[in-house]
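What follows is a set of notes on a single structure, which appears directly below.
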Amino acid sequence: MTETTTNAMWGGRFAAGPDAIMEAINASIGFDKRLAKQDIDGSRAHAAMLAATGILSDSDAEAIREGLLTVLSEIEGGSFRFSTALEDIHMNVEARLKEVIGEPAGRLHTGRSRNDQVATDFKLWVRDQIDAAIAGLEALMRALLAQAEAGADWVMPGFTHLQTAQPVTWGHHMMAYVEMFARDRSRFIDARARMNECPLGAAALAGTSFPIDREMTARALGFDRPAANSLDAVSDRDFALEFLAAASICAMHLSRFAEELVIWSSAQFRFVRLSDRFSTGSSIMPQKKNPDAAELIRAKIGRIFGANVALMTVMKGLPLAYSKDMQEDKEQVFDAADNLMLALAAMEGMVRDMSANRAALEAAAGSGFSTATDLADWLVRVLGLPFREAHHVTGALVAMAEQGGVDLPDLSLEQMRSVHPGITADIFDVLGVHNSVASRMSYGGTAPEQVRAQVARWKEQLA
Ligand code: ARG
C-alpha cells in the first residue's frame with residue numbers, strides 16, 4: 001500500500017491519496033496526451049467565452065490565454081512533464097497552467113467539468129480523423145481512376161466463385177473499388193455532419209448556473225451548434241462508434257482489394273506487378289517478392305473491427321450520464337484511426353505504383369470458356385432460341401471444346417453445326433473477348449465506353 005499526498009484538484013474531501021494500483025488503473029495520461037492540442041483549443045474557447053459573458057475578468061482571461069499557449073508549446077516541444085498522479089490530459093494541463101500563471105488558472109474550470117471537456121476534446125480529435133480518412137480515400141480513388149483510365153479497354157477474366165465467368169475490362173474492375181471507396185467516403189461525411197454538435201457547457205451532466213454562451217464556444221470550435229441535452233452531451237460516444245463503424249467497412253473493402261492484389265501478384269496469375277517500393281524479399285529464397293503491404297492491409301480489419309466491437313461493448317448497459325468506463329474509448333479509437341490511415345496510404349501507394357500485365361490479363365480473359373454466355377446470347381438473338389435452350393446448346397459446345405482440349409473459338413463451324421444446325425460463321429464474332437466486353441453497353445456494364453463515362457463522372461466529382 002502506497003499513500004501519496006491527497007489530490008490537488010479534490011483534496012478537500014480526501015484524507016488520503018490513492019493506492020498505487022488505483023493510480024495505475026485510473027490514469028489515462030499515458031494515452032490521452034494525444035488530446036493535448038484539442039484540450040487546449042477547448043480551454044481557450046471556454047476562457048474567451050467566460051470573459052465575453054463577464055464571468056471572468058478580461059485580465060484573467062488574457063493570462064489564461066497566454067498561459068495555455070505556453071503550455072501547448074511546452075507539450076509540442078517535448079519539454080512538458082506528464083504526471084500519472086494528475087490522471088489525465090485535462091488535469092495535467094490545468095496543473096501546469098497554475099504553475100505558469102498562478103491564481104487565475106483556478107478560474108478556468110468555472111462552468112465546465114472534465115465530462116464535457118473530454119467529450120469535446122475527443123470529438124474534435126475524431127473529427128480531424130474523419131477529415132484525414134476522407135482525404136486518404138480521395139487520394140486512393142484518384143490512383144484507381146488513373147489505373148482505370150489507362151486500362152479502360154484491357155480485357156481480363158471476371159470471376160464469380162473465383163471461377164472464370166465472363167470477360168471484363170481492367171478499368172471496370174478498378175472502378176468497382178472506386179464505387180466502394182466512394183461509399184466509405186460518404187459514410188465519413190455523413191458521420192461528420194451528425195457529430196458536429198458541441199458538448200462543451202453541458203458541464204458535469206446538468207448544465208450550469210453560470211450565464212455561459214454555448215453558441216459562442218460551439219462556433220469557436222467549428223461546431224454547427226451546441227448539443228441540445230446536457231445528459232446526452234456528456235454520455236454520447238456515438239461519434240466515435242460511427243467513426244469505427246465507417247472505418248470497419250472501409251477496412252473490409254481494403255481487405256478485399258488487398259486479397260485480390262495478393263492473388264494477382266502470384267506467379268500463377270501474374271496479373272499485376274507490385275513495385276519494389278511496396279514489396280519485400282525473403283531472407284532465404286532469393287527469387288521471392290512478397291506482397292507484404294497488401295497482406296498487412298488485408299489484416300488491418302482485425303484490429304479496426306475489434307475496436308468497434310470493444311467500444312460497443314464498453315457502452316452497452318451504461319446508465320446516464322458519464323461513467324468512468326468511457327475512458328476506455330480512446331485507445332481503441334486511436335489504434336483504429338492510426339491503422340486505417342496507414343492502410344489507406346499504403347493502398348494508395350501500391351495502386352499508384354503497380355503495373356497491370358496486359359498480356360497475361362488478356363490471355364486469361366479468353367480461357368475457361370469465358371464467352372459461353374455471349375454464345376448463348378447469340379443463339380437467342382440470331383436464331384430466336386429460348387434462353388434455356390440456348391444455355392443447353394452452349395453447354396454441349398463447352399463440353400465438346402473441353403473434351404478436345406481447346407477453347408470455344410477453336411471449334412470448327414462443322415463441329416458447332418453438329419450440335420445445332422442453325423449456327424452460322426458469324427457466331428465467331430461474339431466469341432472474341434474484345435467483342436464480348438464491347439457488347440456489354442448496358443448502364444454500369446463493362447464496355448470500355450461505359451468505363452470511360454464513369455471515369456469522367458468521378459473525375460468531375462473529385463475535382
Ligand atoms: N480521463 C477521463 C476520461 O477520459 C476524463 C473525464 C473524467 N471525469 C470524471 N468525472 N472522472 O473519460
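The values are calculated or read from the model by the stated rules, or taken from the named source; none is laboratory data. All values reported here derive from a predicted model rather than from experimental measurement. Ideal geometry is used to build each Cβ from the backbone, glycine not excepted, and the neighbour counts take in all protein chains shown. For accessibility, only protein heavy atoms count, side chains too; no ligands or nucleic acids. Shrake-Rupley method; radii C 1.70, N 1.55, O 1.52, S 1.80 Å.
The table below lists the values:
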read-out: Pair list, Cβ under 6 Å, 6 or more apart: the stretch 1-21 residue modelled with pLDDT of 80 or more and part of a loop (DSSP other than H, G, I, E, B), other residue open to solvent by less than 100 Å² (accessible area, probe 1.4 Å) and among the acidic types (Asp, Glu); value: none
read-out: Among residues of the stretch 105-133, those that are open to solvent by 20 Å² or more (accessible area, probe 1.4 Å) and away from the ligand (no atom under 14 Å from the Cβ), counted; value: 8
read-out: Test set (1) in a helix (DSSP H, G or I); (2) crowded, with 17+ Cβ neighbours inside 10 Å; (3) at pLDDT below 95 - residue 277 fails condition number; value: (2)
read-out: Pick from the stretch 69-94, criterion within 14 Å of the ligand (Cβ to nearest atom) and of a type in the set (A, V, I, L, M), ranking: farthest from residue 24 (Cα to Cα); value: 93
read-out: Residue 315 among the hydrophobic types (A, V, I, L, M, F, W, C), closer than 24 Å to residue 232 by Cβ, open to solvent by 30 Å² or more (accessible area, probe 1.4 Å) and within 16 Å of the ligand (Cβ to nearest atom); value: yes
read-out: Test: residue 182 is within 16 Å of the ligand (Cβ to nearest atom) and in contact (Cβ under 8 Å) with a residue 12 or more places away in the chain; value: no
read-out: One residue from 390, 447, 372 being free of Cβ contacts under 8 Å to residues at least 40 places away in the same chain, in contact with a Ser or Thr (Cβ under 9 Å, 6 or more places away or on another chain) and of a type outside the set (S, T, N, Q); value: 372
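Residue-wise test of (1) within 16 Å of the ligand (Cβ to nearest atom); (2) more than 30 Å from residue 426 (Cα to Cα); (3) assigned to a helix (DSSP H, G or I); (4) open to solvent by 50 Å² or more (accessible area, probe 1.4 Å).
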{"residue": "299", "(1), (2), (3), (4)": "no, yes, yes, yes"}
{"residue": "322", "(1), (2), (3), (4)": "yes, yes, no, yes"}
{"residue": "363", "(1), (2), (3), (4)": "no, no, yes, yes"}
{"residue": "374", "(1), (2), (3), (4)": "no, no, yes, no"}
